[in-house]
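Participant: This is the structure, below, for whatever I ask next.
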Amino acid sequence: MEIAVLSDQRSHAVRIAEMIAPIAECYIVGSGEEWSDFENLRGIIADFDITRDEFKQCLGVMSQRFGFKQTPLIYLTRKNSDQMLVEASSFGATACLPGHLETKNIVTAIFSLICPNKTLTELMVERRLLKAGILFNSVIYAGKFDRLPVENINAEVDPILHVIREAGIKKWLDLLHIHDDMTVRHCLHVSGLVANFALYLGFAREDMKSLVRAALLHDVGKSKISKDVLNKPGRLKSHELQEIRSHPVVGHELLLSSAVSDATSLDVTRHHHEMLDGTGYPDGLRGDEISDAVRIVTICDIYAALTETRPYRKAMDQTKALQILLEMTPLKLESALVRAFELSLENVHPH
């Protein structure tokens with residue numbers, strides 16, 4: 001989805017574009033724009049002096065190319081006069097708003113015309129999930145060939161943290177269904193939970209980024225496992241279970257071969273199935289051998305798996321999933337962290 005801001009006031013246009021950016025692609029254009037590069041234009045904000053001929057001509061070109069009935073146009077008026085409103089309407093304005101209106105109200109207005117049944121928060125979360133999913137699909141695909149475009153993952157860390165901070169975890173979880181691929185959906189599920197948990201715990205920014213990056217990458221080893229095994233609806237045979245359980249080691253090796261040096265991502269990818277009592281895999285770590293980062297991601301990973309629909313079972317509700325986590329304490333999971341995780345799901349961020 002693309003939004004164009006046609007403006008002769010650069011600073012004002014930049015403020016509008018910055019507020020639109022988390023929700024849609026936004027381009028600031030001038031009177032000389034030919035409009036040949038726009039393929040998914042969904043809305044236009046016109047912020048200029050309507051008496052200037054070059055902008056009138058630009059509106060004419062836009063009208064011929066897009067048609068304002070399908071592409072809403074909001075004109076920001078400089079003067080509050082009936083004549084100006086009539087002139088703006090004659091050039092195809094869907095709505096006229098005062099140019100001095102708060103930026104948030106302008107942005108809300110354009111999206112209310114484009115997507116009248118969705119809030120800005122929902123649109124922001126959808127955009128982030130779509131972009132993250134597209135990029136992570138490319139990572140999973142590249143994993144089959146032993147070279148991960150890790151820069152794609154790095155590009156998603158800050159935006160995910162921003163969305164979780166602004167929109168909360170519930171919206172993120174509600175909209176995960178837009179992804180069909182189970183591994184992509186699960187990694188985005190876990191990364192959202194980890195971002196929310198880290199925010200709740202009040203971690204330093206770099207520590208939060210490190211955890212979210214690790215959460216996104218934790219199951220990358222599944223890129224090497226056949227879809228037939230991953231999506232099998234029935235009980236796994238012993239060799240299939242062994243293949244599934246190989247993904248932490250395979251993922252760890254993939255990160256190393258892709259020159260990933262981030263210690264947290266390497267640790268979490270290899271050890272997110274380890275348990276405090278030593279019954280986990282692949283290395284049978286126990287107690288203090290398991291890092292705090294792994295303990296956090298493991299809790300989020302188990303909760304995500306329990307509350308997702310899988311080929312072999314229906315999703316559990318939150319209450320049942322949390323009960324299972326509590327039953328795994330203190331032998332397998334850290335009690336204090338599980339209790340804190342439960343509180344984090346209530347969107348209470350004391351820090």
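The values are calculated or read from the model by the stated rules, or taken from the named source; none is laboratory data. What you see is a predicted model; the values in this text were computed from it and never measured. All Cβ positions, glycine included, derive from the backbone under ideal geometry; neighbour counts span all protein chains shown. For accessibility, only protein heavy atoms count, side chains too; no ligands or nucleic acids. Shrake-Rupley method; radii C 1.70, N 1.55, O 1.52, S 1.80 Å.
Participant: So, in nm, how far is label Ala204 from label Leu130 when the simple model puts each one 7 Å beyond its Cα toward the Cβ?
Facilitator: About 3.7 nm separates the two model spin labels.
Participant: How far is it, in nm, from the label point at Ser226 to the one at Asp146 when both lie 7 Å from their Cα along the line to the Cβ?
Facilitator: 2.1
Participant: Expressed in nm², what is the orientationally averaged projection area of the convex hull enclosing the Cα positions of the stretch 266-315?
Facilitator: Details: hull surface 15.0 nm².
Spelled out: convex hull of the Cα atoms, projected over all directions, averaged, 3.8 nm².
Participant: For Ser138 paired with Ser257, estimate the spin-label separation in nm (one decimal), with each label point 7 Å from Cα along the Cα-to-Cβ line.
Facilitator: Those two pseudo-labels are separated by 2.1 nm.
Participant: Could you work out the relative contact order of the stretch 295-351, using alpha carbon pairs under 8 angstrom and six or more residues apart, expressed as a whole percent?
Facilitator: Taking the mean separation of contacting Cα pairs over the length of the stretch 295-351, I get 30 percent.
Participant: Output the Cα-based Rg and Dmax of the stretch 263-351 in Å, rounding Rg to one decimal and Dmax to a whole number.
Facilitator: In Å, with Rg to one decimal and Dmax whole: 13.3, 39.
Participant: Provide the gained length on full extension for the span Thr309 to Glu34, in nm with one decimal, where the gain is 0.36 nm per separating residue minus the Cα-Cα distance.
Facilitator: Length gained between Thr309 and Glu34: 94.2 nm.
Participant: To continue, here is another question. In the stretch 234-342, what percent of the accessible surface is made up of carbon and sulfur (1.4 Å probe, ligands and nucleic acids excluded)? Walk me through the intermediate numbers first.
Facilitator: Numbers: 2840 of 5390 Å².
So the carbon and sulfur contribution to the accessible surface is 53 percent.
Participant: So the label point goes 7 Å from the Cα of Asp181 along Cα→C-beta, right? Which residues of the stretch 107-137 then have their backbone N under 18 Å from it?
Facilitator: Residues passing the 18 Å test: 127-137.
Participant: Also, quick follow-up: For the chain, just the Cα set please: Rg and Dmax, both in angstrom.
Facilitator: Both quantities, over Cα of the chain: 24.5, 79 Å.
Participant: Still on this structure, please answer the following. Over 26 Å between Cα atoms: which of Lys171/Lys232; Lys56/Lys118; Lys224/Lys332; Lys56/Lys79; Lys171/Lys209 fall into that group?
Facilitator: In this structure, Lys171/Lys232; Lys56/Lys118; Lys224/Lys332 exceed 26 Å between Cα atoms.
Participant: Given the chain, what percent of its DSSP beta bridges are antiparallel, to the nearest 5? Write down the numbers at each step before the final one.
Facilitator: Details: 1 of 19 bridges.
Counting DSSP beta bridges with both partners in the chain, the antiparallel share is about 5 percent.
Participant: What percent of all Cα-Cα pairs in the stretch 1-75 falls into each 5 Å bin, going from 0 up to the bin containing the maximum distance?
Facilitator: Distribution as computed: 3, 17, 30, 28, 16, 5, 0 percent.
Participant: Further question: Given an 8 Å cut-off on Cα distances and at least 6 residues of separation, report the relative contact order of the stretch 1-70 as a percent.
Facilitator: Reported as a whole number, the value is 40 percent.
Participant: Take each uninterrupted DSSP H stretch in the chain, measure its Cα extent along the helix axis, and return the ones at 24 Å or beyond whose mean Kyte-Doolittle hydropathy is at least -0.5. Present the calculation step by step, with values, prior to reporting the outcome.
Facilitator: Values: long enough: 120-143 (34 Å, 0.74); 150-167 (26 Å, 0.18); 182-201 (28 Å, 1.05).
Taking the DSSP H segments of the chain (at least 24 Å long, mean hydropathy at least -0.5), we get 120-143, 150-167, 182-201.
Participant: If you take the square roots of the eigenvalues of the alpha-carbon gyration tensor of the stretch 197-351 and sort them as a ≥ b ≥ c, do you get rounded (a/c under 1.5), prolate (a/b over b/c) or oblate?
Facilitator: Taking the square roots of the gyration eigenvalues as a ≥ b ≥ c, the stretch 197-351 is oblate.
Participant: Please state the relative contact order of the chain as a whole percent: Cα pairs under 8 Å, 6+ residues apart?
Facilitator: Averaging sequence separation for qualifying contacts and normalising by length gives 12 percent for the chain.
Participant: Could you tell me what fraction of 2.2 N^0.38 Å the Cα radius of gyration of the stretch 70-144 comes to, as a two-decimal ratio?
Facilitator: 1.62
Participant: In addition: Please give the per residue accessible area of the chain, computed with a probe of 1.4 Å over protein heavy atoms only, in Å². Before the final figure, lay out each step's value.
Facilitator: On the way: 16680 Å² over 351 residues.
I get 48 Å² per residue for this part.
Participant: Provide the gained length on full extension for the span Arg78 to Thr319, in nm with one decimal, where the gain is 0.36 nm per separating residue minus the Cα-Cα distance.
Facilitator: Computed gain between Arg78 and Thr319 is 81.3 nm.
Participant: What FRET efficiency do you get for Gln64 and Val86 if R0 is 30 Å and r is their Cβ-Cβ distance, rounded to the nearest 0.05?
Facilitator: Once rounded, the FRET efficiency stands at 0.90.
Participant: Between Val14 and Glu166, what FRET efficiency follows from the Cβ-Cβ distance if R0 is 22 Å, with the result rounded to 0.05? Mind dumping the intermediate values first?
Facilitator: Numbers: r = 20 Å, r/R0 = 0.91.
So, using R0 = 22 Å, E works out to roughly 0.65.
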